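K.L.:
One structure follows; several queries about it will come next.
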Amino acid sequence: MTTQDESLPYDLGRRRLFQAIGAAGVATALPMLPAQAQQREAPAQAYIFFNAAEATFIEAAVARLIPKDATGPGALEAGVPNYIDKQLAGAWGAGERLYRSGPWQPGAPTQGYQLPFTPAELFRNAIRALNQKHAGFATLMPKEQDAFLDALQKSKEDLGGVPSNVFFESLLEVTIEGFFADPVYGGNKDMTPWKMIGFPGAYADFYEYVDKYNIAYTAPPTSLAQDANGRIHIHIEPKRK
Amino acid sequence: MKLLFLLLLLPLSAVGQPLLVQGCAGCHGAQGEGNASEGAPRIAGQPQAYLERQLAAFADGRRENGVMTPIARQLTPEQRTALSTYYSDLRARAGKSSPPAAANARGRALATRGDRALNVQACQSCHGPGGTGFGNVNPYLAGLDRRYLEMALGEWKSGSRKTDPSQQMNQIASNLGDADIKALAAYFASQPLPQPATTATQKPPRIGAPDERTRPGTATTPRAGTGVTGGEPSGSQGPGGSGTK
Amino acid sequence: MATRLKETDVVMLGVGLVGSIVGRELTKAGLEVVGLERGEPRFTVPDFQAPAMHDELRYSIRKSLMMDAAKETYTFRNSANQTALPMRRIQGFLPGTGLGGSAVHWNGQTYRFHDADFRMRTLANERYGKDFLGPEYTFQDWGVSYADLEPYYDRFEYLLGVSGKAGNVQGKKIPGGNVLEEPRSREYPTRPMKEPYGSAMFRKAAEGLGYHPFTQPSSNLSEPYTNPEGMTLNTCMFCGYCERYGCEHFAKASPQTVVLPVLLKDPKFTLRTGCQVQRINLDSSGRNATGVTYIDSQGREFEQPARLVVVGLFALNNVRMLLLSKIGAPYDPATGKGVVGRNYSYQTTSGVNVFYDENTNINPFMRSGASGTLIADFVSDNFDHAKLGFLGGGYIGEVMSHGRPIEFHPTPPGTPSWGSEWKKAVVRHYNHTAVVSTHGSSISTRYNYLDLDPTYKDAWGQPLMRMTFDFPDNDIKLSAFITERAAEIAKAMGGKQIVASPRKRPYTSTQYQSTHNTGGTIMGLDRSTSVLNRYCQSWDVPNVFVIGASCYPQNASYNPTGTVGALAYWAADAIINKYIRSPGPLLS
């Protein structure tokens, strides 16, 4: 059975695989998921980086990293998987502003990241290894998922060349980013995370408030991409002539 | 009209809000939509603190207007609060206004980008997306009357309007020539009015317990805290680009 | 093959804060100046406008205004028995790039150093004895005193329009200002900034403990101001997007808002951007610079001949430029010989979180980059060190500058780093936490230094610079002491829980602490222990001047930018009034 786990360059392999196998073949090519995992509250996504197995893992993982609970919506509801997908597919994922010359040597913790992987490669390698070695994360009960993530955070198990703690830390960082970045980047849906903490967002003029102590600033937050009607535009609409 | 308004004010304690509003409506319209021919701007849906400040300013001279000055001087602070709250809660709706002005590239550029040579920043940074206002102090400009906006910028420029403690408006207006003032006024006049329930200025929640202490050292301190626990600075081991610490 | 250009009077390396000021002074004096900047031009309009500028992901996290590590970075190790590895992502500090340099994205915190900083060795010896610290500490006198620099601090502050309240004008103490400061000749150009809630609580707590709190001096202005160059700045609107961002309001003093437009209009100044200087060229004697070689953004190599070379890059890059150009003997920690790269230091920071009840709204997003309240009671030698066993000091203050949530979401110790409990704690504490910071000096040692890396190279094939650094014992003791004092004040601020985090070893390059990298091309009176004389002129190559925080023999308690500006005017003055009249070594 052909799986999505084969090492194909992502920009070629996935699409060609679908074309070659056809729709019916795609159904057999995907890992079988229990019905309960498919009923997750995931918003409909068009992933451009993640294949289906990766997406399944990411959605399940971020849903535990920042869960929906009594405090409010979590990372899944906020569109964090979409954010991570677009980041990994973009310049940051491809290694912009990352010094990528060798030789690569392991270093001390104070010396920081020394792996040869771009963020995209790191995620791809680690999730592939995870899905191979510990398949079915998405099918575990939440408590078991938490224990799994906890182990991921603490161990240094090699995941396709990525120590699991490095992968975990990277995943947690992009999850928090996606939760709190401007919604123009595809996460922080409806600015709900900002509303939860009371952060006002992109438009910011507080000259008249800064010396009025202890006020409750409850005006709705604003995105840098919102228009006069409060609608946030992820896509740029050209002005009609 | 002015005399009628003043007569309505006389039995102050017995007169409830609606009668005061009738006085305002004479010039500012039944729904606070303004009356361009009277030079009375649209006030419906403007932030409450902004409106209140204008009334106070007319009373104490920070703004000067032959019609508004005597009216404002007759109002008590409580009445100013009540009136500004009433009009802030109204929804801005289309009403009589000057003929729609053509949107213009220069006005749009100044509003969204500013002008380097003139030392002028984009209006939207304080006045919100599309000039729909920000917070409880920065008014919406979208859909206001073009001539009123020109007059307002002129007042900022001449210094006769002193209602901006940051002096940004005075600085900005003094950097703008007459043609740019006209372009900006025309641009904002042509923008759609803020829509109900979707913008920051529509029914803005009261910002704060109004607690206008500005003198340092007068802040209340909550009860004394408890123990000191140590924490460790930490750092990222991932491919980063996050610098979350 | 390099294309040789027409000779100019002066080639200015870097058009940031130093390049803009020195470029302006030298062109005013009639010299032709070519300014070479590796980055791109950018201006308040359109590049710094809101709301696009208020994008935490792009500017704080992806660091879009900073140096691109893909092309050049630094290698790092804590000590010489490690192999230095590249900072593949520069997390620990924020070297700027582009027109205006780091002064575009700085926080605007502007101070003057103390005489005890400039004459640290002499005064510490007098007060504490010459063996107070061990021989591994290489702190030195600068060769200038506070009195020498006072007029230049004044010039710089009036260029920027710094907002503040003087505490000592010509010896007269003025309550409300920093009564512990060195005497200033006059008041600040603009009045002090508004005081936010957390800072006001700090002030009250500090006063109650007998300290002398004062408002943080700010180069994000409190009111409109027109400077001596005719440039007008506006009022800071406390948007909370200061450090790492350009200012949309013309309120932050940056080269673009204080001097560049005037400079760029001067036909004697030629700006070239996208130009990566490879080295300063020397003649066969090795004692005279003939100009520089640079590669432009199209990869073409040029030689720019010049009679005078002024190096005004980001501090670390000043050091690297001299190393690559072989100007001055590189420092070798094993022998203690050599000077270039010697006395690298940093800043010793720490923090105390104050967690409040849910009814106390700190509103951290309503801030300017410099709108805090602090005390100088433990700055420099303002207190008696005799029984403390360390030298140096730091300020303590509530100097929060933002509440941007990706960077700032404090939780008490014991909170898990993810999950429901984490989220609950973030929501509970985000708007109810104040941070008291300490900002401590950084003493120089034999072991902390800069040199060229033997292995790793930049995109142009040149060696990266290697940083060998860890906090010395002196500074760890300093941080422990100052952080305890900070915690005492924090406890009096009325929170429910205080969490103090004094600085510990090892220094990690993975956590942002400060962009105050200093030293490496230090100034001094003795050419065997310094790279530059007191006029920032190279001892070895008299037609090379190096200006910036790389000149500092050790770093002091306060932020370094005020002194960078003073040195820029000081050195420009020396060039115009001494060097040009009689080119050659200004001191024998």
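The values are calculated or read from the model by the stated rules, or taken from the named source; none is laboratory data. Remember, predicted model here, so these are calculated numbers, not experimental data. Here the Cβ positions follow ideal geometry from the backbone for every residue, glycine too, while neighbour counts run over all protein chains shown.
K.L.:
Go through the residues of region C:409-421 one by one and say whether even a single one is of a type outside the set (S, T, N, Q), modelled with pLDDT of 95 or more, within 29 Å of the chain's Cα centre (by Cα) and surrounded by fewer than 24 Cβ atoms within 10 Å (Cβ to Cβ).
P.N.:
Within region C:409-421, one or more residues are of a type outside the set (S, T, N, Q), modelled with pLDDT of 95 or more, within 29 Å of the chain's Cα centre (by Cα) and surrounded by fewer than 24 Cβ atoms within 10 Å (Cβ to Cβ).
K.L.:
Would you mind finding the one in A:Ala181, A:Ala120, A:Ala126, A:Ala108 that is touching a strand residue (DSSP E or B) at 6+ places or on another chain (Cβ under 7 Å), of a type outside the set (Asp, Glu), at pLDDT 95 or above and within 26 Å of C:Ile90 (Cα to Cα)?
P.N.:
A:Ala126
K.L.:
Moving to a separate point now. Looking only at residues that are of a type outside the set (D, E, K, R) and within 12 Å of chain A (Cβ to nearest Cβ) in region C:248-267, which one is farthest from C:Thr44 (Cα to Cα)?
P.N.:
So, considering only residues that are of a type outside the set (D, E, K, R) and within 12 Å of chain A (Cβ to nearest Cβ), the one farthest from C:Thr44 (Cα to Cα) is C:Ala251.
K.L.:
What is the number of the single condition among (1) in contact with an Asp or Glu (Cβ under 6 Å, 6 or more places away or on another chain); (2) within 14 Å of another protein chain (Cβ to nearest Cβ) that C:Asn359 does not meet?
P.N.:
(1)
K.L.:
I've got another one for you. Would it be correct to say that C:Ala556 is buried (at least 24 other Cβ atoms within 10 Å of the Cβ), hydrophobic (A, V, I, L, M, F, W, C) and under 12 Å from the mean Cα position of the chain (by Cα)?
P.N.:
In short, yes.
K.L.:
Based on this model, can you work out whether C:Gly35 counts as buried (at least 24 other Cβ atoms within 10 Å of the Cβ) and in a strand (DSSP E or B)? Steps first, answer last, please.
P.N.:
Numbers: buried (at least 24 other Cβ atoms within 10 Å of the Cβ): yes; in a strand (DSSP E or B): yes.
Against the criterion (buried (at least 24 other Cβ atoms within 10 Å of the Cβ) and in a strand (DSSP E or B)), C:Gly35 qualifies.
K.L.:
Considering only helices (runs of 4 or more DSSP H) fully contained in region B:102-186, which possess at least 3 residues that are of a type in the set (A, V, I, L, M)?
P.N.:
Details: elements: B:105-112, B:124-127, B:146-158, B:168-175.
So the answer is B:105-112, B:146-158, B:168-175.
K.L.:
Of all strands (runs of 3 or more DSSP E) completely enclosed by region C:460-537, which ones contain at least 1 residues that are over 30 Å from C:Gly312 (Cα atoms)?
P.N.:
The strands (runs of 3 or more DSSP E) meeting that bar are C:497-501.
K.L.:
Here's something else I'd like to know. Checking A:Gly74 against (1) within 12 Å of chain C (Cβ to nearest Cβ); (2) surrounded by fewer than 20 Cβ atoms within 10 Å (Cβ to Cβ), only one condition comes out false. Which one?
P.N.:
Of (1) within 12 Å of chain C (Cβ to nearest Cβ); (2) surrounded by fewer than 20 Cβ atoms within 10 Å (Cβ to Cβ), only one is false for A:Gly74: (2).
K.L.:
Tally up the residues in region C:343-353 that are more than 14 Å from chain A (Cβ to nearest Cβ) and surrounded by 24 or more Cβ atoms within 10 Å (Cβ to Cβ), please. Spell out the reasoning first.
P.N.:
Let us first name the residues in region C:343-353 that are more than 14 Å from chain A (Cβ to nearest Cβ), namely C:343-345, C:347-353.
Okay, now just the ones that are also surrounded by 24 or more Cβ atoms within 10 Å (Cβ to Cβ), so C:343-345, C:347-348, C:350, C:352.
Selection size over region C:343-353: 7.
K.L.:
Taking the condition in a strand (DSSP E or B), away from chain A (no Cβ under 14 Å), under 25 Å from C:Met493 (Cβ atoms) and aromatic (Phe, Trp, Tyr), does C:Tyr395 pass?
P.N.:
yes
K.L.:
Moving on to the next point. Does C:Gly98 satisfy being away from chain B (no Cβ under 11 Å) and part of a loop (DSSP other than H, G, I, E, B)?
P.N.:
Against the criterion (away from chain B (no Cβ under 11 Å) and part of a loop (DSSP other than H, G, I, E, B)), C:Gly98 qualifies.
K.L.:
Among the residues of region C:415-425, are any part of a loop (DSSP other than H, G, I, E, B) and in contact (Cβ under 8 Å) with a residue 12 or more places away in the chain?
P.N.:
Among the residues of region C:415-425, not one is part of a loop (DSSP other than H, G, I, E, B) and in contact (Cβ under 8 Å) with a residue 12 or more places away in the chain, which makes the answer no.
K.L.:
Considering every residue within region C:354-365, establish whether at least one is among the polar types (S, T, N, Q) and either assigned to a strand (DSSP E or B) or crowded, with 24+ Cβ neighbours inside 10 Å (or both).
P.N.:
Taking every residue of region C:354-365 in turn, at least one turns out to be among the polar types (S, T, N, Q) and either assigned to a strand (DSSP E or B) or crowded, with 24+ Cβ neighbours inside 10 Å (or both).
K.L.:
Being in a loop (DSSP other than H, G, I, E, B) and out of contact with any Asp or Glu (no Cβ under 7 Å at 6 or more places or on another chain) is the filter here, so list the residues in region C:162-179 that pass it.
P.N.:
Here is the first cut: in region C:162-179, the residues in a loop (DSSP other than H, G, I, E, B) are C:162, C:164-167, C:170-171, C:174, C:176, C:178-179.
Once the filter is applied, which keeps residues that are in a loop (DSSP other than H, G, I, E, B) and out of contact with any Asp or Glu (no Cβ under 7 Å at 6 or more places or on another chain), region C:162-179 yields C:Val162, C:Gly164, C:Lys165, C:Gln170, C:Gly171, C:Ile174, C:Gly176, C:Asn178, C:Val179.
K.L.:
Could you identify the single residue in A:Phe179, A:Phe199, A:Phe168, A:Phe206 that is part of a loop (DSSP other than H, G, I, E, B), closer than 20 Å to A:Ile66 by Cβ and either of a type outside the set (S, T, N, Q) or touching a Pro at 6+ places or on another chain (Cβ under 9 Å) (or both)?
P.N.:
Selected residue: A:Phe199, the only one of A:Phe179, A:Phe199, A:Phe168, A:Phe206 that is part of a loop (DSSP other than H, G, I, E, B), closer than 20 Å to A:Ile66 by Cβ and either of a type outside the set (S, T, N, Q) or touching a Pro at 6+ places or on another chain (Cβ under 9 Å) (or both).
K.L.:
Look at C:Gly338 and say whether it is on the phi > 0 side of the Ramachandran plot, touching a strand residue (DSSP E or B) at 6+ places or on another chain (Cβ under 8 Å) and surrounded by fewer than 24 Cβ atoms within 10 Å (Cβ to Cβ).
P.N.:
Numbers: on the phi > 0 side of the Ramachandran plot: yes; touching a strand residue (DSSP E or B) at 6+ places or on another chain (Cβ under 8 Å): yes; surrounded by fewer than 24 Cβ atoms within 10 Å (Cβ to Cβ): yes.
Yes: the conditions hold for C:Gly338.
K.L.:
Give the residues of region B:154-163 that are surrounded by fewer than 21 Cβ atoms within 10 Å (Cβ to Cβ) and not basic (Lys, Arg), sorted by residue number.
P.N.:
At the first step, the residues of region B:154-163 found to be surrounded by fewer than 21 Cβ atoms within 10 Å (Cβ to Cβ) are B:154-155, B:157-160, B:162-163.
Within region B:154-163, B:Gly154, B:Glu155, B:Ser158, B:Gly159, B:Ser160, B:Thr163 qualify.
K.L.:
Of the residues in region C:129-161, how many are assigned to a loop (DSSP other than H, G, I, E, B) and closer than 27 Å to C:Gly524 by Cα? Explain how you work it out, then say what you get.
P.N.:
Pass one, region C:129-161, residues assigned to a loop (DSSP other than H, G, I, E, B): C:129-136, C:138-145, C:161.
Keeping just the survivors that are closer than 27 Å to C:Gly524 by Cα gives C:129-136, C:138-145.
Total meeting the criteria: 16.
K.L.:
Which of (1) surrounded by fewer than 24 Cβ atoms within 10 Å (Cβ to Cβ); (2) closer than 25 Å to C:Lys252 by Cβ is the odd one out, the single condition C:Pro330 does not satisfy?
P.N.:
Among (1) surrounded by fewer than 24 Cβ atoms within 10 Å (Cβ to Cβ); (2) closer than 25 Å to C:Lys252 by Cβ, the lone unmet condition for C:Pro330 is (2).
K.L.:
Provide a single number: the residues in region C:1-32 that are over 21 Å from C:Phe156 (Cα atoms) and surrounded by 24 or more Cβ atoms within 10 Å (Cβ to Cβ).
P.N.:
Final tally of qualifying residues: 2.
K.L.:
Sort out which residues of region C:269-296 are touching a residue at least 24 places away in the same chain (Cβ under 8 Å), in a loop (DSSP other than H, G, I, E, B) and surrounded by fewer than 18 Cβ atoms within 10 Å (Cβ to Cβ), and write them in order of number. Lay out the reasoning, then the answer.
P.N.:
Step one: of region C:269-296, the residues touching a residue at least 24 places away in the same chain (Cβ under 8 Å) are C:269-282, C:286-289, C:291-296.
Add one more test, that the residue is in a loop (DSSP other than H, G, I, E, B), and what stays is C:274-275, C:286-288, C:296.
Scanning region C:269-296 gives C:Gly274, C:Gly286, C:Arg287, C:Asn288, C:Asp296.
K.L.:
Of the residues A:Tyr203, A:Tyr213, A:Tyr185, A:Tyr207, which single one is among the aromatic types (Phe, Trp, Tyr), within 7 Å of another protein chain (Cβ to nearest Cβ) and touching a residue at least 60 places away in the same chain (Cβ under 8 Å)? Steps first, answer last, please.
P.N.:
Working: A:Tyr203 fails: touching a residue at least 60 places away in the same chain (Cβ under 8 Å); A:Tyr213 fails: touching a residue at least 60 places away in the same chain (Cβ under 8 Å); A:Tyr207 fails: touching a residue at least 60 places away in the same chain (Cβ under 8 Å).
Of the residues listed, the single one that is among the aromatic types (Phe, Trp, Tyr), within 7 Å of another protein chain (Cβ to nearest Cβ) and touching a residue at least 60 places away in the same chain (Cβ under 8 Å) is A:Tyr185.
K.L.:
Are any residues in region A:47-71 buried (at least 21 other Cβ atoms within 10 Å of the Cβ) and at the interface with another protein chain (Cβ under 9 Å from one of its Cβ atoms), and if so, which ones?
P.N.:
A:Arg64, A:Leu65, A:Ile66, A:Pro67
K.L.:
Does region C:244-262 include one or more residues that are surrounded by 24 or more Cβ atoms within 10 Å (Cβ to Cβ) and at positive phi?
P.N.:
yes
K.L.:
Considering C:Pro41, C:Pro46, C:Pro51, which residue is in contact with a helix residue (DSSP H, G or I) (Cβ under 8 Å, 6 or more places away or on another chain) and either assigned to a loop (DSSP other than H, G, I, E, B) or within 9 Å of another protein chain (Cβ to nearest Cβ) (or both)?
P.N.:
Details: C:Pro41 fails: in contact with a helix residue (DSSP H, G or I) (Cβ under 8 Å, 6 or more places away or on another chain); C:Pro46 fails: in contact with a helix residue (DSSP H, G or I) (Cβ under 8 Å, 6 or more places away or on another chain).
Being in contact with a helix residue (DSSP H, G or I) (Cβ under 8 Å, 6 or more places away or on another chain) and either assigned to a loop (DSSP other than H, G, I, E, B) or within 9 Å of another protein chain (Cβ to nearest Cβ) (or both) holds for just one of C:Pro41, C:Pro46, C:Pro51, which is C:Pro51.
K.L.:
If you don't mind, there's one more thing I want to ask. Answer yes or no as to whether C:Lys194 is surrounded by 21 or more Cβ atoms within 10 Å (Cβ to Cβ), within 13 Å of chain B (Cβ to nearest Cβ) and part of a loop (DSSP other than H, G, I, E, B).
P.N.:
Answer is yes for this residue.
K.L.:
Only one of these is within 20 Å of C:Glu407 (Cα to Cα), within 8 Å of chain B (Cβ to nearest Cβ), surrounded by fewer than 24 Cβ atoms within 10 Å (Cβ to Cβ) and of a type outside the set (Ser, Thr, Tyr): A:Val166, A:Val174. Name it. Steps first, answer last, please.
P.N.:
Details: A:Val174 fails: surrounded by fewer than 24 Cβ atoms within 10 Å (Cβ to Cβ).
One residue alone meets the criteria, A:Val166.
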